[in-house]
Number of protein chains: 2
Amino acid sequence: MNNVKAAVCFSCGAEYEAGNDTYACKKCGGVLEIVYDYDYIKTRVDPEKISARGEFSLWRYLEFLPLEEGSALGPLRVGWSPLYRTEKLGEALGLSNLYIKDDGLNPTSSLKDRASAVAVVRAARAGKDTVACSSTGNAASSLAGAAAAMGLKSFIFVPERAPQGKVTQLLIFGATVISVRGNYEDTFRLSAEAIEKYGWYNRNAAINPYLSEGKKTVSFEIAEQLGSLLRKAGAARGGSGAVPAKAFAAPDYVAVSVGDGCTIAGVWKGFKDLYAAGFIDKLPRLISVQASGCCPINRAFEANGPIERMEENTLADSIAVGVPRNGGKALAALRESGGLAVNVSDDEILAAMRLLGKTAGIFGEPAGVTGTAGLKKAVERKLIPSGAVVVSVVTGNGLKDVASAQRAAGIGALDASSGGSGGGAPGAAGGGGPAALLRIAPEMKLLEKEFARRGIRV
Amino acid sequence: MNNVKAAVCFSCGAEYEAGNDTYACKKCGGVLEIVYDYDYIKTRVDPEKISARGEFSLWRYLEFLPLEEGSALGPLRVGWSPLYRTEKLGEALGLSNLYIKDDGLNPTSSLKDRASAVAVVRAARAGKDTVACSSTGNAASSLAGAAAAMGLKSFIFVPERAPQGKVTQLLIFGATVISVRGNYEDTFRLSAEAIEKYGWYNRNAAINPYLSEGKKTVSFEIAEQLGSLLRKAGAARGGSGAVPAKAFAAPDYVAVSVGDGCTIAGVWKGFKDLYAAGFIDKLPRLISVQASGCCPINRAFEANGPIERMEENTLADSIAVGVPRNGGKALAALRESGGLAVNVSDDEILAAMRLLGKTAGIFGEPAGVTGTAGLKKAVERKLIPSGAVVVSVVTGNGLKDVASAQRAAGIGALDASSGGSGGGAPGAAGGGGPAALLRIAPEMKLLEKEFARRGIRV
């Protein structure tokens with residue numbers, strides 16, 4: 001890998017060759033970071049060259065990825081998810097330049113596909129025929145799907161409380177699922193032992209430094225797609241002065257939900273890569289959004305202190321991480337970027353689900369929309385100027401967690417109210433106006449009556 | 001619309017101007033078909049011109065769509081779903097040139113997004129602020145999502161038995177959902193009355209001739225993506241003789257699941273458009289796959305007779321249509337293409353879910369994988385030569401119906417067998433080898449024992 005210099009420990013600075021068995025720091029156990037040779041990268045690519053490529057997936061950015069030359073790439077189309085300019089959502093939030101990156105449209109419906117795509121390519125290149133991780137969620141399904149497409153076996157360790165729906169997806173992808181009678185710590189420990197014993201490729205985000213390298217591609221796409229949209233808008237206005245000089249452009253702010261810390265660290269790494277290679281002229285400020293019931297990273301950021309374990313009290317299961325393994329990297333990203341930390345309640349998360357659905361036609365899972373929920377709060381508190389160019393990343397598809405969507409839609413409440421209490425506006429609290437579920441017999445006059453009674457404009 | 005000549009009744013041949021209120025035939029009630037001026041279209045575009053475009057969505061093919069010039073296009077990224085060359089799945093099926101088009105990666109996770117995208121653009125252009133349809137499934141969610149993104153209101157009529165999960169998605173998109181105490185016929189009738197009374201835009205597939213025009217874009221993409229893959233493969237082999245002359249290429253066969261008939265009719269229309277405009281040199285043969293428990297179109301095709309109502313006995317809910325409203329168009333497509341009809345059992349559908357997951361990393365809903373299930377059967381019956389270039393369209397995402405995925409994964413059976421009966425291979429029946437769910441205490445020696453007992457290679 002001519003583009004990679006080394007893997008450096010984020011905690012103690014120890015340096016390693018970026019190889020196949022390079023996981024955590026052998027000295028202090030810290031998380032490693034992949035360090036690139038940007039001078040070399042600049043000799044190979046520039047913004048216009050990448051923009052002209054016909055490859056529309058994360059492999060578009062190969063020169064920035066830690067893959068041996070000639071590696072067989074995974075066949076699934078991971079990445080190149082859409083970046084939408086969302087004017088109505090922006091109006092609702094008080095932002096005149098809001099964009100949503102919908103990463104729920106990846107192959108297994110979450111941003112984690114980016115990390116697993118890199119993992120399986122490295123695993124196959126290293127001659128491994130099996131990959132493994134411990135997870136109940138999006139990391140597991142993304143790994144199982146990517147492994148199946150790549151022709152690798154996968155072993156996934158889940159705590160016994162893992163939801164059957166999520167286990168189902170793993171089995172469909174042909175994974176061997178080990179349901180461990182114990183908690184997540186027991187599960188993680190058994191997976192580590194088995195990976196060690198059998199020599200499988202390790203895709204535990206706590207350990208594998210290549211995962212955030214996959215995740216960083218979301219920032220590459222944000223910058224390239226934003227640059228393209230700004231150029232088009234500039235061209236439409238006719239003023240050449242407003243057209244960005246480069247094909248890539250950094251937003252002013254990026255809002256992202258935070259659990260383990262790996263994703264926000266990846267987002268930051270992506271923008272830093274682009275900046276170091278001269279693709280963008282500034283860096284964005286990060287907005288780290290956590291659930292109030294589980295916000296160890298944000299708490300440490302606000303207190304300027306160490307990360308301390310928290311309970312995991314939130315329905316946003318994908319970010320319910322009481323002991324974040326990539327917390328150090330996340331904190332550093334927040335600080336370096338001059339970022340903000342915002343915590344939101346579960347009700348604010350559910351309201352953001354409705355708001356994204358109603359104003360933008362985007363259906364995100366709770367953790368997927370948490371970034372947007374935090375953005376709303378940040379604007380309300382005047383932490384962000386209304387004219388800022390802001391990108392909010394939706395990290396997972398709402399179909400992943402229909403039970404929470406039912407809570408968001410307030411179906412239970414509507415069941416009770418449909419008898420005659422009127423209103424039926426579960427969306428009202430979250431803004432964006434009412435949604436409604438009417439139950440009636442098939443007669444037009446009853447429908448008219450019901451519309452009138454509820455004040456529904458037709 | 002300079003590219004459109006007329007809307008012609010598919011049953012009686014009556015001709016209408018293709019306007020905003022052009023729905024069913026005013027003389028015989030038949031379904032209309034949009035007829036294009038291919039000579040005009042040829043003056044505007046050619047294959048290379050389209051291939052050079054930077055727009056990666058169904059709007060890439062604007063010259064072939066029935067949209068007034070200057071219409072505001074929907075903002076969601078509908079279409080340009082991936083076409084995968086799936087070698088391992090091909091091996092499992094006995095096909096050396098198999099491709100999967102994964103349309104489950106659309107914004108609301110099904111192919112129906114293509115139809116709704118066209119519907120909301122036409123609605124907005126006609127000055128309507130409200131769209132409506134009756135449906136319990138993918139048509140409804142796609143319309144609600146597209147309307148929300150477009151800034152239109154949506155009214156969706158569902159029979160009271162509609163699954164809560166699907167109703168939830170509609171509410172998240174801000175639709176007003178009318179749950180009708182009655183069956184589907186009652187629901188449809190009430191929706192028709194309300195649409196008439198309130199002047200809403202009508203997105204009922206039984207009536208709106210523009211929907212299959214949206215769906216046909218899946219064929220445009222298949223031809224363009226296949227052409228690109230064949231060119232790359234030819235270039236890799238170095239033999240210029242093997243490289244297709246055109247940027248677009250038709251496969252030999254396209255397999256698609258069939259319910260109402262609108263989708264397969266749209267697929268056929270797409271290829272016919274390309275052929276008429278000189279983009280492809282031949283037409284594919286269609287493989288219509290229905291569930292054995294509900295196959296009125298295939299039954300009529302085999303018997304060369306009229307379509308007769310059938311019960312709706314299949315778990316593939318999206319194609320459980322006993323009285324197909326676009327059956328005539330579907331039959332004509334099958335006949336014109338020299339196509340095949342194949343029926344599959346629910347067990348074969350579940351097996352196809354496992355096979356696609358395990359060999360290709362693709363997770364489809366039951367109706368979504370029914371085309372692939374039928375393809376398997378067609379190859380087994382030697383109805384298709386093993387070297388044929390075949391595309392199978394996956395029409396919807398597996399996350400849409402987790403309960404069926406659980407049946408496919410055989411989780412219930414595994415629950416019973418995990419005590420000690422061994423095996424645990426729910427995937428065995430469907431080919432592609434075993435998937436397994438192991439339940440154990442967190443001890444390495446128990447894990448080793450379990451692997452040995454089950455014969456799991458690690």
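The values are calculated or read from the model by the stated rules, or taken from the named source; none is laboratory data. All figures in this text were calculated on a predicted structure; none of them were measured in a lab. Virtual Cβ from ideal backbone geometry, glycine too; neighbours counted across all protein chains shown. Keep in mind that these areas ignore ligands, DNA and RNA; they rest on the heavy atoms of the full protein, side chains included. Shrake-Rupley method; radii C 1.70, N 1.55, O 1.52, S 1.80 Å.
In this simple spin-label model, placing a label point 7 Å from the Cα along the Cα-to-Cβ direction at both A:GLU55 and B:ARG457 gives a separation of 3.1 nm. Bridges between two residues of the protein assembly as shown, per DSSP, are antiparallel at a rate of about 25%. What separates the Cα centres of the stretch A:141-168 and the stretch B:109-163 is a distance of 34 Å. Based on a Kirkwood Rh over C-alpha pairs, give the Stokes-Einstein translational diffusion coefficient of chain A at 4 °C and viscosity 1.567 mPa s in µm²/s. Taking Rh from Cα pairs, D becomes 57 µm²/s. With label points set 7 Å from Cα along Cα→Cβ, the inter-copy distances at B:GLU91 are 5.5 nm, sorted shortest first.
In the context of the full protein assembly, A:LYS42 retains an accessible surface of approximately 100 Å², using a probe radius of 1.4 Å and ignoring ligands and nucleic acids. Taken residue by residue and averaged, Cβ atoms of other chains lying within 10 Å of the Cβ of B:97-109 number 3. Distances between copies at B:GLN164, taken between label points 7 Å from Cα along the C-beta direction, are 1.5 nm in increasing order. Other protein chain C-beta atoms within 10 Å of residue C-beta, averaged over A:177-185: 5.
Taking a point 7 Å from the Cα of A:GLU380 along the Cα-to-Cβ direction, the residues of the stretch A:332-369 with backbone N closer than 11 Å to it are A:344-345, A:347-349, A:351-352.
Projecting the Cα atoms of B:ALA192, B:ALA351, B:THR130 onto the charge dipole of chain B (Cβ charges, centred on the Cα centre) puts B:ALA351 farthest toward the positive pole. If you take the beta carbon distance between B:LYS445 and A:GLU160 as r and set R0 to 25 Å, what does 1/(1 + (r/R0)^6) give as a FRET efficiency, to the nearest 0.05? For R0 = 25 Å, the calculated efficiency reads 0.85.
Secondary structure note: in chain B, about 30% of the DSSP beta bridges are antiparallel. How tilted is helix A:262-276 with respect to the longest principal axis of chain A? Cα atoms for both, answer in degrees (0 to 90, nearest 10). Between the helix axis and the principal axis of chain A, the angle is about 70 degrees.
Around the Cα centre of the stretch B:277-357, unit charges on the Cβ atoms of Lys, Arg, Asp and Glu (plus for the first two, minus for the last two) sum to a dipole of about 340 debye. When A:ARG44, A:ARG457 are compared by accessible area of protein heavy atoms, the largest-first order is A:ARG457, A:ARG44, using a 1.4 Å probe. This model, with +1 at the C-beta of Lys and Arg and -1 at the C-beta of Asp and Glu, gives the stretch A:143-228 a dipole about its Cα centre of some 200 debye.
To the nearest 10, the accessible area of B:PHE271 is 0 Å² with a 1.4 Å probe. Per residue of B:144-151, other chain Cβ atoms within 10 Å of the residue Cβ number 5 on average. A simple spin-label model places the labels of A:ALA403 and A:GLU336 3.8 nm from each other, with each point 7 Å out along Cα-to-Cβ.
Please compare each pair in A:LYS445/B:LYS329; B:LYS5/B:LYS42; A:LYS377/B:LYS128; A:LYS400/B:LYS358 to a cut-off of 24 Å on the Cα-Cα distance and tell me which ones are over it. A:LYS445/B:LYS329; A:LYS377/B:LYS128, as the Cα separations exceed 24 Å there.
Divide the volume of the convex hull around the Cα atoms of the stretch B:198-241 by the residue count and you get 72 Å³ per residue. FRET efficiency for the pair A:ALA126 and A:ARG44, taken as 1/(1 + (r/R0)^6) with r the Cβ-Cβ distance and R0 = 30 Å, rounds to 0.80.
For chain A, averaging the sequence separation of C-alpha pairs within contact (under 8 Å, six or more residues apart) and dividing by the residue count gives a relative contact order of 14 percent. Ranking A:LEU58, A:GLY145, A:LEU211 by how far each Cα lies toward the positive end of the dipole of the protein assembly as shown (charges on Cβ) leaves A:LEU58 at the top. Within the stretch B:1-150, the ratio Rg/Rh, alpha carbon atoms throughout and Rh by Kirkwood, equals 1.02. For the peptides B:367-375, A:337-345, A:303-311, the ranking by packing is B:367-375, A:337-345, A:303-311, with the highest mean count of neighbouring Cβ atoms within 10 Å listed first. Under 19 Å of direct C-alpha separation, and excluding same-chain neighbours fewer than eight residues apart, A:LYS449 reaches these lysines: B:LYS197.
What the Kirkwood sum gives for the protein assembly as shown is a hydrodynamic radius of 28.0 Å, with every pair of different alpha carbons counted. Here the spin labels are modelled as points 7 Å beyond Cα on the Cα-Cβ line, and at A:GLU308 and A:ARG189 they lie 2.5 nm apart.
Helix B:444-454 and the longest principal axis of the C-alpha atoms of chain B enclose an angle of approximately 80°. A probe of 1.4 angstrom, applied to the heavy atoms of all protein chains, finds B:TRP200 with accessible area near 10 square angstrom. Across the copies of the chain, B:ALA126 has label points (7 Å from Cα along Cα→Cβ) spaced 5.8 nm apart, shortest distance listed first.
Evaluating kT/(6 pi eta Rh) at 37 °C and 0.692 mPa s, with the Kirkwood radius of the stretch A:285-348 over Cα pairs in the Stokes-Einstein relation, gives 283 µm² s⁻¹. Using Cα-Cα distances under 8 Å and only pairs 6 or more residues apart, what relative contact order does the stretch A:1-82 have, in percent? About 29 percent, as a whole number. If one takes the accessible area of chain A alone plus chain B alone and subtracts that of the pair, with a 1.4 Å probe, what total in Å², rounded to the nearest 100, results? Using a 1.4 Å probe on protein heavy atoms, the buried area is about 7000 Å². On the rotation that sends chain B to chain A, the chain B Cβ lying closest to the axis gives residue and distance in whole Å as B:LEU399, 2. Compared with the dominant Cα axis of chain B, that is its longest principal axis, helix B:327-336 is turned about 80°. For the stretch A:258-415, the average shadow cast by the Cα convex hull is 9.9 nm², which is a quarter of the hull's surface. Placing unit charges on each Cβ (+1 for Lys and Arg, -1 for Asp and Glu) gives the stretch A:1-137 a dipole about its Cα centre, and among A:ILE34, A:LEU105, A:ALA7 the Cα reaching farthest toward its positive end belongs to A:LEU105. A Cβ-based charge dipole, computed about the Cα centre of chain A with Lys and Arg at +1 and Asp and Glu at -1, lands at about 800 debye. Shape index of the stretch A:78-219: Rg/Rh, with Rg the Cα radius of gyration and Rh the Kirkwood radius from the inverse mean 1/r over Cα pairs, equals 1.06.
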